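Asks: Input: one structure, supplied below.
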Amino acid sequence: MILTAAFVLIVTFVFTGYILSQEYGKKAAETEKEKVALSSRYANVRIKKFPFAVQCWTFRKFSFFEALQKTKDLGIEFVQAFSGQILEKNNEKVKFDHNMPDDQIDRVKKKLEELGITLVSYGVVNFGNKEDEMQNIFEFAKKMGIQTIVTEPGYDDYSLIEKFAKEYRINIAIHNHPIPSKYARPETVIYRIDGLDPRIGAGADTGHWMRSGVNPLEALRTLKGRIQDVHLKDLNAFGTKDAFDVPFGEGKANVHDVLAELTLQDYAGFLTIEYEREEEAENPSPSIQKGLEYIKSITYYQDHEQILKRSHWGYSKTGWNHYGPGYFELDEKTGVLKGQGGMGLLWYAAKKYKDFVLELDYKCADEFTNSGIFLRVPDMLVSDDYIYHSFEIQINPAGEGVHMSGAAYDAEAPMKEAFHPAGEWNHFKISFIGSRIKVELNDVLVLDWEAEPRGKVRDFVGEGYIGLQNHDSRSPVYFKNIYVKEIT
């Protein structure tokens, strides 16, 4: 009986081990598949152009005023200040911090204006959970026009922080120094800010995550929708506290995918450069410049203007006018336009375009959605006459020939069908250079036409406005991510 029991135990142990190994292998395979899927997803992301700021700690060997000049020399117009940097060369008694008297604050503001630099954030600065101490820093931020305070609270009760963030309308970014910092892991940050005012978010530092063994991509996904500031860094190694900064693209951070993830999240804040490598502290600019060139090379919308504009507070139709029946609803959080009623035209009245490339995403509510994108509308709209003097690139999944999606409406049919089914987003790339119109739909060339008056179009001009048609409410069209690149 003892031998039998032992045999059964061994068999059970082996069988259990086999099952567990199978389960582990299955989970490992699923994880690997997820990684491959994410990598493929990021490879196809059209990375947007993010604004850069320099954390003045990068130039810690210099005065604050010298740091401003070095920032300007890099071609960057925004800075994040830290507390304790000497204000100017050869005067170590006067330092930049939130206790500066008003005359020093005025000097700083004058120097910023002189150099064309904007102070957008301040930190990492810590303050006690006391009203007078906290209010002093918020008052300073208000005087300086600072948008974001970066901090690492030593306490768990954020009620005072939330009160002042709301009152002063200033963002709070919870920073993550490496382990053993309280906020080294993104789960801690999201736990602390969950349910609080959206002005309170994360001050994400990709380098410190790497030193703590935290994958920056996973951390960013954890903090999705709550990121207020990003210290963008690339390090030579992952998972070691001794890792050091290298130019963007040369380290282990996978900067391309980091920017792709921030693009997918529609992150609206700054990418703050904090280059900390001590061996380069006397002259970090060449490495920073090299890294910026890499980022420029992977930024799809580097030379484009986003004409449905986004600020830190959301999207707006600033610069756009509407003519005719109906309207477009704008979701200020997502930047999605939804056509209602019609037929009317939402046109970008802030600028006329001559030769240009227009890129945008659109989605049809169903197969009967009908809409279009008007090119070079000649004049300010006071009647429907524009339809006879500007070309319309058609959106109509049920249409045929010159009325099919991708056609120059009523004039030239697309060479092939390339649109996605209703409910899925499509991407248009439309170029109008001279008199030649090219249309790529979901990366497929569907139209390449030397334009001429045809169909409803009697004539067209060499410069005009861009417009989006709202056709009806039954089967609305949706637009987002609207960019224009001028060709000179």
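The values are calculated or read from the model by the stated rules, or taken from the named source; none is laboratory data. Bear in mind that the values here come from a model prediction, so they are computed numbers and not experimental data. For neighbour counting, all protein chains shown are included, and Cβ atoms are generated from backbone atoms with ideal geometry for every residue, glycine included.
Asks: Restricting the search to the stretch 324-373, which residues are over 12 Å from Pro476 (Cα atoms), in contact with a Leu (Cβ under 7 Å, 6 or more places away or on another chain) and either in contact (Cβ under 8 Å) with a residue 60 or more places away in the chain or in a loop (DSSP other than H, G, I, E, B) (or both)?
Replies: Scanning the stretch 324-373 gives Gly324, Gly335, Leu345, Leu346, Trp347, Ile373.
Asks: Shifting gears a bit: Do you know which of the residues in the stretch 329-370 that are more than 20 Å from Lys48 (Cβ to Cβ) and among the basic types (Lys, Arg) is nearest to the chain's Cα centre (by Cα)?
Replies: Among those residues, the one meeting the criterion is Lys338.
Asks: Could you list, in sequence order, all residues of the stretch 299-342 that are of a type in the set (Phe, Trp, Tyr) and under 24 Å from Gly423 (Cα atoms)?
Replies: Tyr315, Tyr327, Phe328, listed by residue number.
Asks: Out of the residues in the stretch 99-125 that are within 16 Å of Gln55 (Cα to Cα) and in a loop (DSSP other than H, G, I, E, B), state the one that is farthest from the chain's Cα centre (by Cα).
Replies: Top of the filtered list is Val125.
So that you can scan it fast, the table gives a plain yes or no per residue for (1) over 26 Å from Lys351 (Cα atoms); (2) exposed (fewer than 15 other Cβ atoms within 10 Å of the Cβ); (3) small (Gly, Ala, Ser); (4) modelled with pLDDT of 95 or more:
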position: Thr369; (1), (2), (3), (4): yes, no, no, yes
position: Phe391; (1), (2), (3), (4): no, no, no, yes
position: Tyr409; (1), (2), (3), (4): no, no, no, yes
position: Glu424; (1), (2), (3), (4): yes, yes, no, yes
position: Gly462; (1), (2), (3), (4): no, yes, yes, yes
position: Pro476; (1), (2), (3), (4): yes, no, no, yes
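Asks: Only one of these conditions is not met by Phe127: (1) on the phi > 0 side of the Ramachandran plot; (2) modelled with pLDDT under 95. Which number is it?
Replies: (1)
Asks: Hey, another quick one. On the basis of being farther than 30 Å from Lys166 by Cα, free of Cβ contacts under 8 Å to residues at least 24 places away in the same chain and in the same structural domain as Asn171 (by TED's automatic domain parsing), does Asn283 make the cut?
Replies: Yes; evaluated as a whole, the condition is true for this residue.
Asks: Of all the strands (runs of 3 or more DSSP E) wholly in the stretch 146-222, which have at least 2 residues that are in contact (Cβ under 8 Å) with a residue 24 or more places away in the chain, assigned by TED's automatic domain parsing to the domain that holds Gly123 and of a type in the set (Gly, Ala, Ser)?
Replies: In the stretch 146-222, the matching strands (runs of 3 or more DSSP E) lie at 200-205.
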